[in-house]
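A.B. asks: To start, I am sharing the structure in question, which I have written as structure tokens.
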Ligand code: KIV
Ligand code: NA
């Protein structure tokens with residue numbers, strides 16, 4: 001069976017169906033999400049925090065993104081795989097953006113890329129789309145700009161709300177097939193969703209966007225430490241995994257693993 005395409009995504013939104021997106025960073029967990037029917041997976045630069053042990057997304061490199069994107073593509077059969085362009089991979093301009101996006105499409109095999117910024121990124125989005133690479137935009141809180149903006153709710157106040165609407169329209173006009181709205185007031189996310197014809201994908205943006213996205217380690221309870229209030233925890237993998245590892249360690253120390261059934265003679 002073929003993969004989900006950007007056309008399937010547009011059609012689902014057209015029919016009024018909400019769709020779930022999840023991040024993925026490796027083949028094995030991505031295969032679980034694929035079998036569970038997640039239609040769109042994001043190889044997010046949140047891999048910096050969730051997978052590579054960085055403090056922010058800022059240090060993530062193209063090599064890291066290409067390697068983990070290829071793994072997620074190999075681990076999946078159905079989902080549309082979207083890869084983030086990491087910080088520094090598109091800020092120089094459209095030609096740099098095209099070179100790096102092309103690498104993710106050709107070498108890693110992703111079906112689309114995502115990059116941050118509305119008006120400031122519209123030339124990059126346009127060139128990629130003209131080259132035949134589907135692009136997902138990302139506005140509101142843009143974590144690659146953490147050093148300038150911090151981590152706080154965006155689009156509060158009339159001026160900031162108007163700017164967010166302009167950014168959303170710039171992303172759509174440049175030809176993006178969808179746009180992430182991160183950490184914006186629910187009322188504003190609803191207004192952006194009404195104003196656009198492309199699907200909006202919310203994270204910390206309330207219930208009225210066309211789709212939702214969560215960081216998988218947050219929603220599955222694997223993340224250690226603080227998790228954002230907007231992320232619901234659907235499982236406690238950290239506890240499950242910790243318990244399994246402690247049991248294994250105890251049995252090795254106590255001499256009760258391995259048993260005869262694990263042993264060859
Ligand atoms: O990198 C990421 O996980 C993201 C989502 C939160 C949208 O960009
Ligand atoms: Na990201």
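Just so it is clear, none of the values below were taken in a lab; they were calculated from the coordinates. Predicted, not measured: the structure shown is a model, and the values here were computed from it. Please note: Cβ atoms are built from the backbone with ideal geometry, for glycine as well, and neighbour counts cover all protein chains shown.
A.B. asks: Exposure proxy check: 125, 38, 203 ranked by fewest other beta carbons within 10 Å?
C.D. replies: On the way: 125 28, 38 21, 203 25.
If I rank by nearby Cβ atoms, fewest first, I get 38, 203, 125.
A.B. asks: For helix 186-195, report the angle its Cα long axis makes with the longest principal axis of the Cα atoms of the chain; keep it between 0 and 90° and round to the nearest 10°.
C.D. replies: For 186-195 against the chain, the angle is about 60 degrees.
A.B. asks: Please find, in a Gaussian network model of the chain (springs between Cα atoms separated by less than 10 Å), the residue of 186, 170, 101 whose mean-square fluctuation is greatest.
C.D. replies: Sorting by GNM fluctuation, first place goes to 186.
A.B. asks: Then there is this: At a Förster radius of 35 Å, what calculated FRET efficiency corresponds to the Cβ-Cβ distance of residue 92 and residue 230, to the nearest 0.05?
C.D. replies: It comes out at approximately 0.65.
A.B. asks: Between residue 8 and residue 256, what's the calculated FRET efficiency when r is the beta-carbon distance and R0 is 51 Å? Round to 0.05.
C.D. replies: It comes to 0.50.
A.B. asks: Where Rh is the Kirkwood radius over the Cα pairs of the chain, the temperature 25 °C and the viscosity 0.890 mPa s, what D in µm²/s does Stokes-Einstein return? Before the final figure, lay out the partial values.
C.D. replies: Numbers: Rh = 19.3 Å.
Calculated translational D: 127 µm²/s.
A.B. asks: Follow-up. Can you give me the angle between helix 62-74 and the longest principal axis of the chain, using Cα atoms only, in degrees from 0 to 90, rounded to the nearest 10?
C.D. replies: 70
A.B. asks: Of the residues 249, 148, 190, which exhibits the maximal mean-square fluctuation in a Gaussian network model of the chain defined by a 10 Å Cα contact cut-off?
C.D. replies: For the chain, modelled as a Gaussian network with Cα springs under 10 Å, the answer is 249.
A.B. asks: Label points 7 Å out from Cα along the Cβ direction at residue 145 and residue 67: separation in nm?
C.D. replies: For residue 145 paired with residue 67, the spin-label model returns 3.0 nm.
A.B. asks: Next question. Relative to the longest principal Cα axis of the chain, at what angle does helix 158-173 sit, 0 to 90 degrees, rounded to 10?
C.D. replies: In the chain, helix 158-173 runs at an angle near 80 degrees to the longest axis.
A.B. asks: Right, another one. For the stretch 6-234, calculate the relative contact order in percent as a whole number, restricting contacts to Cα pairs under 8 Å that are 6 or more residues apart.
C.D. replies: Once divided by the residue count of the stretch 6-234, the mean separation gives 17 percent.
A.B. asks: Right, here's the next one. Residues of the stretch 68-93 with backbone nitrogen within less than 13 Å of a virtual label 7 Å along the Cα-to-Cβ line of residue 15, please, listed as ranges.
C.D. replies: In the stretch 68-93, the label zone of residue 15 (backbone N under 13 Å from the point 7 Å along Cα→Cβ) covers no residue.
A.B. asks: Rank 250, 158, 187 by mean-square fluctuation in a GNM of the chain with C-alpha springs under 10 angstrom and give only the top-ranked residue.
C.D. replies: 250
A.B. asks: Hey, what number do you get for the chain at 222 nm if only DSSP H runs of n ≥ 4 count, each worth -39500 (n - 2.57), divided across all residues, to the nearest 500?
C.D. replies: That calculation yields -11500 deg cm²/dmol at 222 nm.
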